[in-house]
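The values are calculated or read from the model by the stated rules, or taken from the named source; none is laboratory data. Because the structure is a prediction, the values reported are computed rather than measured. Methodologically, a virtual Cβ is constructed for each residue, glycine included, from the backbone with ideal geometry; neighbour enumeration extends over all protein chains shown. Surface areas here come from the heavy atoms of the whole protein model, side chains and all, with no ligands, DNA or RNA. Shrake-Rupley method; radii C 1.70, N 1.55, O 1.52, S 1.80 Å.
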Amino acid sequence: MITESLETARQLSPDHIFESEVPVDDIIIVIDNQKISQVLINVLTNAIKYSSPGTKIVLTAITAWRPG
């Protein structure tokens, strides 16, 4: 999902540099995929809008819950 969102953002603004930082292990969550994708695109669109061309935009995913 993060990779797809970043690819959409790259198409919207090829003048920005997009990167992601995600855990090595897959993150499995139960969500509404369409709504969360829209949220990610909105965040990335705002980052594009409020930053200069050539700026690096990094989308980071972390896990706070540890099975135990």
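Taking amide H as placed 1.01 Å from N in the peptide plane, the amide H of residue 20 sits under 5 Å from that of 59, each at least 5 places away or on another chain. For region 2-16, the residues whose backbone nitrogen is under 18 Å from a point 7 Å from the Cα of residue 49, taken along Cα to Cβ, are 6, 8-16.
Diffusion coefficient (Stokes-Einstein, Kirkwood radius over C-alpha pairs, 37 °C, 0.692 mPa s) for the chain: 253 µm²/s, rounded to a whole number. Using Cβ point charges alone (K and R +1, D and E -1), the dipole size of the chain about the Cα centre works out to roughly 220 debye. In this structure the chain gives 79 Å² per residue of accessible area when probed at 1.4 Å with all protein chains present.
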